[in-house]
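The values are calculated or read from the model by the stated rules, or taken from the named source; none is laboratory data. In this text, all values refer to a predicted model and were calculated from it rather than measured experimentally. When we count neighbours, we look across all protein chains shown, and the Cβ atoms used for this are built from the backbone with ideal geometry, even at glycine. Ligands, DNA and RNA are excluded from the accessible area calculation, which covers all protein heavy atoms including side chains. Shrake-Rupley method; radii C 1.70, N 1.55, O 1.52, S 1.80 Å.
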2 protein chains.
Amino acid sequence: MRTVEKALRLLDFFTDKRVEIGLSDLARLSGIDKATVLRMLADMAECGFVEQNPETRRWRLGAGVLRLARLREHAQPVTRVLTPILEKLAQETGETAHASLLSGRDLANIGVIEPARANRVYIEPGLVLPLHATASGIAVTAFLRPEQQERVLARTLTAVTGMTPTSRAALEQVVRRTRERGYAVADQTFEAEVYGIAVPIFGPDGYAAGALAVAIPASRASDEHERKIIAALEPAAQSATTGLGGRPSPEHRISS
Amino acid sequence: MRTVEKALRLLDFFTDKRVEIGLSDLARLSGIDKATVLRMLADMAECGFVEQNPETRRWRLGAGVLRLARLREHAQPVTRVLTPILEKLAQETGETAHASLLSGRDLANIGVIEPARANRVYIEPGLVLPLHATASGIAVTAFLRPEQQERVLARTLTAVTGMTPTSRAALEQVVRRTRERGYAVADQTFEAEVYGIAVPIFGPDGYAAGALAVAIPASRASDEHERKIIAALEPAAQSATTGLGGRPSPEHRISS
DNA sequence: AAACGTCGGTGTATATAATGAACCGGCGAG
DNA sequence: CTCGCCGGTTCATTATATACACCGACGTTT
């Protein structure tokens, strides 16, 4: 398999909870030989992607990623554009709002705003959202270019919870419904007790580039609450699309 | 040579000015064969590090770097800690203040604040600062762990301007002076017309992890201005060190 | 319109660089 | 003292990266 990809995939094992990882742990997690992992880490360290804690000898993400993020943000200020939109969304709905962008085969969460209330959904920063198992992912998949959509549908779909669609037929149906309604819902398909509602953000080519979503405790799900959230999501996604230089798809229209 | 490192080095060709790069351009810039570059880009795209503009087919940094940066920032909020310090520094000195961290073999600029005045130094976001050619780099080098310092001194030093120290002896002398004074100055060693003054930020191990610096137009350099800047830099670097969980080096003391 | 240069991308034989099992010294627990 | 695991190193094997030649498409120049 390709060496570069294997090396970069190592970085995906760093999460909110797992900030530092030892060599043997990372070898176990990835299923790659220790010696190979070490060489990859050393290579990535030379470039500043990871760094080694001199005391514990464990590895963590390096300052190089901050540099690259600043460069990208300077070229296209997504965080700057999306943050105020998310804030308004969280305030209007009283629920956790988040935004994510297509990143490789999956969706990368790149912004979360939580509401002031106590009972709210917590979303880990920098989380990877599988396309088939989240409201955001479905919203994006439904408005992807046909070839890319086909690639997603053809995947082996892993179940994250008992509610995750795992067959191609089930996913196709959810996608079809999403295209009809213009928004996606996901009832505990990614995490128990969490209900997600998402709308796509479009790129300059008129295909989905990401999604704007609201996550609520499943216990609060109701038709009325959902209508209110969708009413807030629609204009938010509109301004996100135009704010990022995108062009709305002619095939996208919200209808409940 | 190592494939992973070669691939990651491709990302360093993206700058403030060069936001998108075509395949042939990148092959020329890097000196690597087109076919190889394409495979590396494809691998990195799978992981979200780069993405291809569907219209122009040129490549740019992907959303994955934003995700990783958020993750690192969540684990250790360097930007949050350093921004207010830089703002105060820029305001007190009336000059451009910036911060950088060790990242691989070099220093990565991860924050810049410009003062309100018209004649000020502009520093590109996400710039890579060579250790031997900038005030920040010298400040860091002077307080590195001995083995690492040796590696820097042993390098072949490339001249960036006519003023860049290029011999080991010259660099050693600058480093020695910096250790004595506790701060580094660089008179147009990296860019013409720019005079830099920098102080190290220390990591938990008591060695340099980065630097805080003030860049001024060379025309404004004077002993008095320099004294004022150093007086502002010292407490700023102190709070940066402690704010990032570092421990000041016992060997570091400012003395002019 | 023909000829040319350049673009992004592909196929394939070759050679180089990645691989993984065995091994090391160090360290903490039992 | 022994055991097990840690991070790290070594080296023969082989799988993988590489670069050359080539493709069709596009835009300029002649």
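What longest region of chain B stays clear of trypsin sites (Lys or Arg not before Pro) that DSSP places outside H, G, I, E and B and that have at most 15 other Cβ atoms within 10 Å?
B:156-252
Measure nothing but the geometry: give the 0 to 90° angle between the long axis through the Cα atoms of A:64-75 and the longest principal axis through the Cα atoms of chain A, rounded to 10°.
Computed tilt is about 40 degrees.
Specify the residue with the greatest mean-square fluctuation among B:132, B:98, B:225, computed from a Gaussian network of chain B linking alpha-carbon atoms under 10 Å apart.
Judging by the Gaussian network model, the answer is B:225.
Please tell me the relative contact order of chain A in percent, rounded to the nearest whole number, where contacts are Cα pairs under 8 Å and at least six residues apart.
Details: 447 pairs, mean separation 39.9, N = 256.
Computed value for chain A: 16 percent relative contact order.
Please compute P(r) over all alpha-carbon pairs of region B:22-97, binned at 5 Å starting from zero, and give each bin as a whole-number percent.
Spelled out per bin, shortest first, that is 3, 14, 15, 14, 11, 10, 11, 12, 7, 2, 0.
What is the magnitude of the charge dipole of the protein assembly as shown about its Cα centre, with +1 placed on the Cβ of each Lys and Arg, -1 on the Cβ of each Asp and Glu, and no other charges, expressed in debye to the nearest 20?
In total the dipole reaches around 660 debye.
Rounding to the nearest 10 and keeping the result within 0 to 90°, find how far the Cα-based axis of helix A:223-243 lies from the longest principal axis of chain A.
The angle comes out at about 60 degrees.
For region B:7-73, which GluC sites (Glu not before Pro) pass both filters: DSSP loop (anything but H, G, I, E, B) and at most 12 other C-beta atoms within 10 Å?
Loop-located and lightly packed - B:55.
Please work out, to two decimal places, the log10 of the ratio I(q)/I(0) at q = 0.16, 0.19, 0.20, 0.23 Å⁻¹ from a Debye calculation in which every Cα of region B:135-210 carries one identical scatterer.
-0.54, -0.76, -0.84, -1.08
Given a 1.4 Å probe and every protein chain left where it sits, what share in percent of the accessible area of chain B is carbon and sulfur? Show your work: numbers first, answer last.
Details: 5670 of 11300 Å².
Roughly 50 percent, rounded to a whole number.
Largest first and in whole Å, what are the equivalent-ellipsoid semi-axes of region A:86-184 based on the Cα gyration tensor, each being the root of 5 times an eigenvalue?
Largest first, region A:86-184 gives 25, 14, 13 Å.
How large is the dipole of region B:3-66 about the Cα centre if only Lys and Arg carry +1 and Asp and Glu carry -1, each at its Cβ, rounded to the nearest 20 debye?
The calculation lands at about 200 debye.
Enter the angle in degrees (range 0 to 90, nearest 10) between the Cα long axis of helix A:168-181 and the first principal axis of the Cα atoms of chain A, meaning the one along which they spread out most.
50
Return the single residue from B:243, B:62, B:94 with maximal mean-square fluctuation; model: Gaussian network over chain B, springs between Cα atoms under 10 Å.
B:62
Keeping every protein chain present and rolling a 1.4 Å probe, give me the accessible area per residue for chain A in Å².
44
Given springs between every Cα pair under 10 Å in a Gaussian network model of chain B, which of B:19, B:152, B:175 has the largest fluctuation?
B:19
Of B:215, B:164, A:216, which is farthest on the positive side of the dipole of the protein assembly as shown, counting Cα position, with +1 on Lys and Arg Cβ, -1 on Asp and Glu Cβ, and the Cα centre as origin?
It is B:164, whose Cα lies furthest towards the positive end.
Mind checking which chain A residue has its Cβ closest to the axis relating A to B, and how many whole Å off it is?
A:69, 2
For region A:18-34 and region B:81-129, compute the distance between their C-alpha centroids and round to whole Å.
35
Please report, for residue A:34, the nm distances (one decimal) from its label point, 7 Å out from Cα along the beta-carbon direction, to the equivalent points in the remaining copies, shortest first.
Its label point is 4.5 nm from the equivalent points in the other copies.
Over all alpha-carbon pairs of region A:1-132, lay out the pair-distance distribution in 5 Å bins, whole %, shortest bin first.
With 5 Å bins starting at 0, P(r) equals 2, 9, 15, 19, 18, 14, 11, 8, 4, 1, 0.
Based on Cα coordinates alone, diagonalise the gyration tensor for region B:3-66, multiply each eigenvalue by 5, take square roots, and list the semi-axes in whole Å, largest first.
Value: 15, 13, 12 Å, ordered largest first.
Mind ranking A:44, B:163, B:1 by accessible surface for me, highest first, 1.4 Å probe?
Reading off the accessible areas and sorting them downward yields B:1, B:163, A:44.
Which value, in debye to the nearest 20, gives the size of the charge dipole of region B:130-256 about its Cα centre, when Lys and Arg are +1 and Asp and Glu are -1 at the Cβ? Mind dumping the intermediate values first?
Values: 13 positive and 13 negative charges, 44 e Å.
Charge dipole, region B:130-256, about its Cα centre: 200 debye, nearest 20.
Note the distances from residue A:57 to each other copy's matching label point, with points 7 Å along the Cα-to-beta-carbon direction, in nm, sorted shortest first.
Label-point distances to the other copies, shortest first: 4.9 nm.
Residue A:147 accessible area, nearest 10 Å², 1.4 Å probe?
Per-residue accessible area (residue A:147): approximately 110 Å².
Taking Cα atoms of region A:76-243, Rg/Rh with Kirkwood Rh, to two decimals?
Checking Rg against Rh, the ratio lands at 0.93.
Limiting things to C-alpha atoms, what are the Rg and the maximum Cα-Cα separation (Dmax) for the protein assembly as shown, in angstroms?
In Å, with Rg to one decimal and Dmax whole: 24.3, 75.
What does the structure give for B:105-115 when I average, per residue, the other chain Cβ atoms found within 10 Å of the residue Cβ?
Per residue, the number of nearby Cβ atoms from other chains is 3 on average.
Place the label 7 angstrom along Cα→C-beta at residue A:204 and in each other copy, then list the distances from the first to the rest in nm, shortest first.
The answer, with the shortest distance listed first, is 4.4 nm.
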